């Protein structure tokens, strides 16, 4: 069922998904400053770090220190991505507000990413969800490659639907459909969400996480919005990429998403001008181009 709610929830993934692919080491203090600036801009959900193997994702190696030193703003939830039970146990020892887990909708991607089949990864996540919930930590589930795999191509929507149903049944409060390689189109996005809603998965339990490899992320977000989705992942300045997905570029830029949503009459609670300044600052700090069209336009005006 579509939602009539005009308030949209944003999940800022720049500090985790955005920074994980940067080639040069990102200083811890820069990460902390970025996260705090995002919280002060009005964003209420921030994926701050990940408890993954440091040799696989070196940029996340300091997530323990990050959560120890993080200034937590009232009303803001700071989450951490974990790939397995060991990562969840590390997170539970720190001031983490929420756990995020991920399962791939593609067998090939699952094997190359975590060296396990989809079934094997789900077995492990049974324990992760159970133990996280027992410690009072809510769990959010990602489904990677929901709109396509870099190795095998098309992913049938039914595969995604089955995983979403299982994650929700295990206790995830929300399932995020992730276009990991940014290959989705408005049609494939519509078909996927339609398949989910057709199996009585409520729009209120679904979110989307879109990469902008082919420049379709904003258009695909509008499709999801029109179909009742009210939770969207995005990354400041369009930061991002996936170390395990060849060709994947940055996420949908938070500034572009906020501009579109506010223009369509939806409330985000975010200060867009402040967001644009944050995007410009982090882009300069990382010595990279600002991938947000909205952010760049606002920066030129000021």
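The values are calculated or read from the model by the stated rules, or taken from the named source; none is laboratory data. None of these values were measured; they are calculated from a predicted model. Cβ coordinates were reconstructed from backbone atoms using ideal geometry, including for glycine residues, and neighbour counts include every protein chain displayed.
A few points about this structure:
- Residue tally, condition farther than 28 Å from residue 6 by Cβ, at pLDDT 95 or above, within 20 Å of the chain's Cα centre (by Cα) and surrounded by fewer than 23 Cβ atoms within 10 Å (Cβ to Cβ), over the range 241-285: 1
- Residue, surrounded by the fewest Cβ atoms within 10 Å (Cβ to Cβ), within the range 65-79, restricted to residues that are touching a helix residue (DSSP H, G or I) at 6+ places or on another chain (Cβ under 8 Å) and either in contact (Cβ under 8 Å) with a residue 40 or more places away in the chain or on the phi > 0 side of the Ramachandran plot (or both): 69
- Selection count, the range 171-194, where residues are assigned to a loop (DSSP other than H, G, I, E, B) and in contact with a strand residue (DSSP E or B) (Cβ under 8 Å, 6 or more places away or on another chain): 7
- Candidates 36, 62, filtered to the one that is buried (at least 18 other Cβ atoms within 10 Å of the Cβ) and either modelled with pLDDT under 95 or closer than 28 Å to residue 255 by Cβ (or both): 62
- Subset of the range 134-166 (residues that are closer than 17 Å to residue 101 by Cα and under 16 Å from the mean Cα position of the chain (by Cα)): 138, 139, 140, 141, 142, 143, 144, 145, 146, 164
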